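Q: If you scroll down you'll find the structure; I have some questions about it.
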Amino acid sequence: MSKFVPVASISDIPAGSARAFVVGDREIAVFNVDGTFHAIENGCPHQGGPLAEGWIEGKVVTCPWHAWCFDVTDGTMTMGGFTSVDAFDVQLEGSTISVSAEPRT
Ligand code: FES
């Protein structure tokens, strides 16, 4: 079973925004999509752009560096589909957001 690591309070990530956190040796971006939290690898597979700083529209984030787009719910690329980023399970306990230390398989 994956270990969940507390990273933030729900008030730290308002709806429509994201923040990046270091969890173990991974940098993980946590997104708030209409009150539901999703977590994917922060580093874009193109050249490492910070996805948490990207443009968020619904469940899609656009990389701030060269505009590759990813579904934050599962890490799939929404334009082209030739790559993806890892997705991580998220748990809420009270107002605390925890992220799995291991990617979803
Ligand atoms: S680094 Fe993300 S699109 Fe280039």
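The values are calculated or read from the model by the stated rules, or taken from the named source; none is laboratory data. The structure displayed is predicted, hence computed values, not measured ones. Every residue, glycine as well, gets a Cβ built from its backbone with ideal geometry; the counts of neighbours run over all protein chains shown.
Q: Can you list residue pairs whose Cβ atoms sit under 6 Å apart, with the first residue in region 55-72 being under 16 Å from Ser17 (Cβ atoms) and touching a residue at least 24 places away in the same chain (Cβ under 8 Å) and the second being within 9 Å of the ligand (Cβ to nearest atom) and not hydrophobic (A, V, I, L, M, F, W, C)? Count only pairs 6 or more apart in sequence or on different chains.
A: So the pair list comes out as Val61/Gly54.
Q: Please work out if Cys44 is in contact with a helix residue (DSSP H, G or I) (Cβ under 9 Å, 6 or more places away or on another chain) and at pLDDT 95 or above. Walk me through how you get there before you give the answer.
A: Working: in contact with a helix residue (DSSP H, G or I) (Cβ under 9 Å, 6 or more places away or on another chain): yes; at pLDDT 95 or above: yes.
Criteria met by Cys44.
Q: Pull up region 53-74, narrow it to residues that are assigned to a loop (DSSP other than H, G, I, E, B) and within 9 Å of the ligand (Cβ to nearest atom), then point me to the one that is surrounded by the fewest Cβ atoms within 10 Å (Cβ to Cβ).
A: His66
Q: For region 1-43, which residues satisfy the criterion of being free of Cβ contacts under 8 Å to residues at least 40 places away in the same chain, outside any strand (DSSP E or B), surrounded by fewer than 18 Cβ atoms within 10 Å (Cβ to Cβ) and not acidic (Asp, Glu)?
A: Those that are free of Cβ contacts under 8 Å to residues at least 40 places away in the same chain, outside any strand (DSSP E or B), surrounded by fewer than 18 Cβ atoms within 10 Å (Cβ to Cβ) and not acidic (Asp, Glu): Met1, Pro14, Ala15, Ser17, Gly35.
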